[in-house]
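Everything on this sheet refers to the single structure shown next.
Coordinate-derived values only; no laboratory data. All of these numbers come straight from a predicted model, not from anything done at the bench. Heads up, the Cβs are rebuilt from the backbone with ideal geometry, glycines too, and the neighbour counts pull from every protein chain shown.
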């Protein structure tokens, strides 16, 4: 990829768009896991849960890069009943908060 194309992709506006897409994806995944609880309640024993979590995890890493905040979401989703906690949404919100704190100018 050329340097101009890379600069175009990683503009601050593009970063905000990526966070918005990631947050929407996380919210939709968490709502699906709560709304369709009987399909996901077994945790690691549920193929639907595994597929959804793997897809969401890969998509979030592609959008935002790897962050340690995603690890508890992966691990927590293996526990039966943990789908009632919106771990993906909390992870994306934590990454956003951490990123904003790093970008904030020192006063």
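Quick notes on this structure:
- Neighbour-count order for 63, 84, fewest beta carbons within 10 angstrom listed first: 84, 63
- Neighbour-count order for 14, 73, 46, fewest beta carbons within 10 angstrom listed first: 14, 46, 73
- Residue order, fewest to most surrounding Cβ atoms within 10 angstrom, among 99, 89: 99, 89
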